[in-house]
Each structure stands twice: as structure tokens, then as C-alpha cells.
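S.K.: One structure is given below, represented as C-alpha cells, and several questions about it will come after.
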Amino acid sequence: MQKHQTIMKPTSAKDDPNLSDYQNTRESFDWSDVEKELDWLPNGGLNLAYEAIDRHVAKGNGEKLAMIWEGKNGEKETYSYDQMRIETNKFANSLLNLGVKKGERVFTFMERIPEIYFAVFGTLKMGGVIGPLFSAFGPDPVKDRLENSGASVLVTQPELLKKIESIFPSLPNLKHIIVVNKNGRSSEPVPPNNLDYYKLMSDASEEFGPIATTRDDYSIMHYTSGTTGKPKGAVHRHNAVIQHYLTGKWCLDLHENDIYWCTADPGWVTGTSYGMSAPWTNGVTQVIYEGGFNARKWYQILQDYKVSVWYTAPTAIRMLMKSGKELPQSFDLSNLRFSASVGEPLNPEAVEWGVDAIGMPFHDNWWQTETGAIMIANYASAEIKPGSMGKPLPGIFPGIIDAEGNEKSDGEEGNLAVKTPWPSMFQDYWEQRERYDSRFVAGWYLTGDEAYRDSDGYYWFIGRSDDVINTAGHLVGPFEVESALIEHPAVAEAGVIGKPDPIAMEVVKAFVSLKEGYEPSTELQRELMGFARQKLAAAVAPREIEIIDSLPKTRSGKIMRRLLKARELGLPEGDTSTLEED
Ligand code: PRX
């Protein structure tokens, strides 16, 4: 139970109309009131890109800055809402000019450059389904995702294209590869069988319309890892924008004049729901920094761009903690008003460190790729219980349930589930309907997390109920890593677990047994590490590989990952017969 002191909020926070709305409407909340705050299309349709961009222009705010971009090489660019409207119109028209139709899947494999935002919203405007991929992925994860989704278009950059060249022969549905040579970063010309992004855009009209999507049309898909099988493509619909908008307002406390920075990559769901949709539907100015983590640089960004609302992740916060609380104090962070965190458990020490180091606590919140938007949060107006994920959003009804769907009482541990439906609920796992259906029982969506609720209604995370690994906020499916490892000629079998880590929460650790004729050696170990990294991505590949004689298996031949984990942690191995059908 709670060991850390509750952090109370100043009365001024409670007086804010954004926040008192939250306090007052919990009981009488109705999603249709939120829907009225959005601008529906003339034919009753709904489009995420229109809500995020065009409607601000239509309201006379076209000149307002939407994006302040800083590139990894120090480049700086800014785009107003009207410029965003034009660039996204041009991208939508470029796709139509290529013959791409509504419902086709358009994937991006790009770094955090402005063009990815144009591609995402342009695709959404013409009714395509956008699938952003993490640019650090190696060829295997990219191939799996393009193959399963049947994507017809890939937008990428020269250096990234080179990394995945080998996969194209096995992707018959992929018709167009659009290459963005940002600021001439690559000296090589765009290969003749690919399309030059800038050429397509200069040939496309700046006017686009009418936008013809409905609230139920598919919009975005993100792949997420499970315990078994390859990652599943969680598909969302335009309707999700309703919850993006509301949670931006209530959970991230976004106001019109805010300068907002979300550190998540667009390849993960936080990078689209909260790095695109929530901030722009709320009409704020967003800072986008292409580079990776660097404590000094991050504080510099907060200072120089006068960031007022900041959304980041526990691993990053723990890395900032490592660099000391004196460092932020040498920067002027006086514009920062609200900080939030998501993706992994945020330890209470990190919440409290925020108060000391940057003058405010981090507000933890909880959601998933499948939920599409924040579901449980520590609100700006409410007391924070450090270590807790917070309380449910009005209109969202989570519960702690047993295997049959019966609700448990406060304080009892169990499966965290959510009553269906909610506006940003995922609609399918692409072409894996059975796996989608298996996530629901008796009107509940099963999150795969274990938690409990205290008597004040705050939810506390306990752990995953499956073998999925959470490393630095990225979910890694052991099966994906095992499949890559067994492709190496020396590997007979592989079992992958999450090993606890003080910074990244868990790191990926693999156990492998060797085929006859191969002997364990540090050299082979190193070779396997390099092999996995080349195929997957540094973020997904094992940090440690241990070669063992044989892997523990159930009688039906399944590798017992939990036993591997228990051995790794020196825990009792328990009654292994119960693991038979795990
Ligand atoms: O296990 C939970 C953990 O991350 C999972 C969702 O990961 P993903 O689908 O990649 O979505 C990332 C966007 C939020 C959850 O099932 N998780 C997420 N937030 C928290 C968390 N664990 C503990 N505390 C959180 N606040």
C-alpha cells in the first residue's frame, strides 16, 4: 500500500476552468457533450486531420505556429497551422495522383522530421490508414508489419531505405516507395524505381477536398507485441480523436497558449495520439526535437522553446535523475507548468524528484496501444499519489476482475479491465480477429495488466499478466526475439525474458541452446548479439545472451519462460507442473 506522501495541489489549479470541468463532470459526464466541441464535416463525417489542423485555419487561427522543429543536425523549421494544412493537402493529393484509394495502408519508416507529420495527416485526409514505424527498427520488424498490413505505400528516407533493402522482394502488395531526402542529407540520388517526395509534392495541388471519412473509418494502426506470435496491428478509427482531444485538455492540461513537447517517437502510439492528435486538436504550438536523449540538450529545449507542458516517459526521467538535480537548476525552466509521464511504472521517487529538480511532480497516467488514448491519470487538479497511475477519465469505467469477469473489491489484486466501448477503443488486430476477440470477456476489455484500486479510487500497477517485456516503455514480444535468434545457424532453441533493470525497468535477456557441432564461446555470444541487433533494432534485441545446454520445456514442448525468469532472479521455481499449458 501507499508508502509515499500524497502531493496536494494548490487551490489555483482547482480554479482553472479546464480542471474544474473535470472535477465537476465526473458524475454527469456524457461523451456527446465532448463531440459538440469538435467540428464535424458538413456531411456529418469526422476526420482526425481536419480536427487537428484545418479547423483551426477555418476559425481564423491559420497564422498560429503549429510546429517548431529542431533537427538532429541543429536545423530549425517552423510551420503554421495554415502551412500544415497546405503540406498535408499536397500529400493527400500526391497519394490520389498515384492512384491510392481510401482504406489502403500507407506506412512511414522515418525519423522525426516534419515530413512524417505531413505524410500522416495527408494520408488521414484522403481516407488512407496510416502505419508509422519506429525508425530504429531493423529489416525483420519492418517486413513483418508491411507484410501483415498489406501496405501499398511506404514513405521513408534514403539511409533507412538502405537498411531494409533486402525485404522488398517479399512484399508483393507494396506498390510505391516514396523517399524523402530531407535537406539533402543523403548525397545519393533517389533510386530510379522509387518516388521523390519533393517532386510528388511540387506536382500536387494545395487544395484538397472534400474530406470524406466517417467516425468509423479506420485511421491509424500501430503494431504491438503479445506473448505469442508476431506483433498485432491494433487498428483505430477517426472517432478516437474525441478522446485524444479531451485527454489533451484534462490529463495534459493543454491550454491554447501552451508550448508543448512530447518526447515519444511517432513510431509508437504515444507519438501519434499525444505527439500529433491531442496537442493539435487543442490548438497548441508543439516542439518537435528529432534527436535522441541527452539530459543537457533536453533541458535546453525546455528552456529555449519556453515549453509549458511536457509529456515524457519513466526511463527518460530515471536517466535525468542520474544526471543529478543540479543540472536542471542551471536552466531557466520557469515556463514549465505541467509534466506528465506514461509507458511504464513511474516509481514514487521519480515523482518526488520532479518536485525537487524541476519544481513540479510528474503526473503518471496509464493507457495502451489498444486503448488509443489515456484512460487513467493523475490530473492537474487532483492530488497525486506517487506511485499510482491515478484515477479513471470520466466516461471510462475500469475494474479489477477475476478470470470470469467478476469485479473484485478495493485493495484486491486482479486483472485490470475496462468496460467496453470507449471512443478510442481499437477496432481490430489487422487480419487477426481471433486474437482481437480473445481480449474481451463479459463486456470487459482485458488489458493484460495486473493492478488494484485503493479506497480513494486510485489505480496501482502491479505487473503484466503475460510474458510481454517492457523495456524503456517499449513492449517487446519474446516470440519476436526468439524467432530472430533461431534463424542463426548455431541456434537450436531460444527463450527470451525481461530482466529487471534500474533504469529501463526491464532489459531483454535471451537464453539459447546450440545445434550439434557448435560450442559455446564469448565470440559466438557476441556474434549472436550482433545478429539479433542487425535483424531487429537495438531497442528490441537482447542486451544479454546466455548459452545453456537445453531450455526448460513443458511436456507439450513449449519453452517455459517463467521458469527461465525464476532461475535468473534466483526465485523459487514453484510448482512447474502448473506451467504445462502456459
Ligand atoms: O503494461 C502497461 C505499460 O505499458 C503497456 C502499454 O504499452 P503500449 O501498448 O506500448 O502503450 C504505450 C502507450 C501508453 C501497459 O499495458 N504501462 C503503460 N502506462 C503505464 C504502464 N505501466 C505502469 N504504469 C503506467 N503508467
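The values are calculated or read from the model by the stated rules, or taken from the named source; none is laboratory data. Being a predicted model, the structure only gives us computed values, none of them experimental. FYI the Cβ positions are ideal-geometry reconstructions off the backbone, even for glycines, and counts take in every protein chain you see. Only protein heavy atoms, including side chains, enter the accessible area calculation; ligands, DNA and RNA are left aside. Shrake-Rupley method; radii C 1.70, N 1.55, O 1.52, S 1.80 Å.
S.K.: Could you list all residues from the stretch 188-206 that are under 21 Å from I130 (Cβ atoms) and touching a residue at least 60 places away in the same chain (Cβ under 8 Å)?
M.R.: Selection gives L195, Y197, L200, M201, A204, S205, E206.
S.K.: Anything in the stretch 407-456 that is open to solvent by less than 20 Å² (accessible area, probe 1.4 Å) and either over 18 Å from G343 (Cα atoms) or not in a strand (DSSP E or B) (or both)? List them, or say none.
M.R.: Within the stretch 407-456, G414, W422, P423, S424, F426, Y429, Y436, W444, Y445, D454 qualify.
S.K.: Among the residues that make up the stretch 527-537, is at least one of them open to solvent by less than 80 Å² (accessible area, probe 1.4 Å) and modelled with pLDDT under 90? Steps first, answer last, please.
M.R.: Filtering the stretch 527-537 for residues open to solvent by less than 80 Å² (accessible area, probe 1.4 Å) gives 528-532, 535-537.
Still in the list and also modelled with pLDDT under 90: 537.
Yes, the conditions are met somewhere in the stretch 527-537.
S.K.: Moving to a separate point now. Given the criteria among the aromatic types (F, W, Y), closer than 15 Å to L252 by Cβ and assigned by TED's automatic domain parsing to the domain that holds W250, does W367 qualify?
M.R.: Yes; evaluated as a whole, the condition is true for this residue.
S.K.: Of the numbered conditions (1) within 9 Å of the ligand (Cβ to nearest atom); (2) assigned to a loop (DSSP other than H, G, I, E, B); (3) under 16 Å from A313 (Cα atoms), P386 fails exactly one; give the number of that condition.
M.R.: All conditions pass for P386, except number (1).
S.K.: Touching a residue at least 40 places away in the same chain (Cβ under 8 Å) and over 22 Å from G62 (Cα atoms) - does that describe any residue in the stretch 280-289?
M.R.: yes
S.K.: Moving on. Quick check on this structure: which one of S381, S339, S334 is more than 10 Å from the ligand (Cβ to nearest atom) and without any contact (Cβ under 8 Å) to a residue 12 or more places away in the chain?
M.R.: On inspection, the qualifying residue turns out to be S334.
S.K.: Could you pull out the residue among D144, D39, D54, D140 that is in a helix (DSSP H, G or I), more than 24 Å from the chain's Cα centre (by Cα) and in the same structural domain as G283 (by TED's automatic domain parsing)?
M.R.: Sole residue among the options that is in a helix (DSSP H, G or I), more than 24 Å from the chain's Cα centre (by Cα) and in the same structural domain as G283 (by TED's automatic domain parsing): D54.
S.K.: Can you name the residue in the stretch 210-251 that is open to solvent by 50 Å² or more (accessible area, probe 1.4 Å) and out of contact with any Ser or Thr (no Cβ under 8 Å at 6 or more places or on another chain) and, of all such residues, is farthest from I53 (Cα to Cα)? Give the derivation first.
M.R.: Quick first cut of the stretch 210-251, residues open to solvent by 50 Å² or more (accessible area, probe 1.4 Å) only: 210, 212, 214-216, 218, 228, 230.
Going one step further and asking which of them are out of contact with any Ser or Thr (no Cβ under 8 Å at 6 or more places or on another chain), we end up with 210, 212, 214-216, 218, 228.
Numbers: P210: 15, A212: 16, T214: 17, R215: 17, D216: 20, Y218: 19, T228: 39 Å.
Top of the filtered list is T228.
S.K.: Here is a follow-up. Among the residues of the stretch 482-501, is there at least one that is away from the ligand (no atom under 16 Å from the Cβ), at pLDDT 95 or above and closer than 25 Å to E413 by Cα?
M.R.: yes
S.K.: State yes or no: is R85 more than 15 Å from S205 (Cβ to Cβ), out of contact with any Phe, Trp or Tyr (no Cβ under 7 Å at 6 or more places or on another chain) and open to solvent by 20 Å² or more (accessible area, probe 1.4 Å)?
M.R.: No.
S.K.: Got at least one residue in the stretch 35-45 being modelled with pLDDT of 90 or more, of a type in the set (S, T, N, Q) and surrounded by fewer than 17 Cβ atoms within 10 Å (Cβ to Cβ)?
M.R.: First pass over the stretch 35-45, keeping only residues modelled with pLDDT of 90 or more: 35-41, 44-45.
Narrowing the set further to residues that are of a type in the set (S, T, N, Q) leaves none.
No; the residues of the stretch 35-45 include none that is modelled with pLDDT of 90 or more, of a type in the set (S, T, N, Q) and surrounded by fewer than 17 Cβ atoms within 10 Å (Cβ to Cβ).
S.K.: Assuming K325 fulfils every condition listed in (1) open to solvent by 30 Å² or more (accessible area, probe 1.4 Å); (2) touching a Phe, Trp or Tyr at 6+ places or on another chain (Cβ under 6 Å) apart from one, which condition is it?
M.R.: Status for K325: all satisfied but (2).
S.K.: Go through the stretch 342-362 and report how many residues are open to solvent by less than 20 Å² (accessible area, probe 1.4 Å) and within 10 Å of the ligand (Cβ to nearest atom).
M.R.: Total meeting the criteria: 3.
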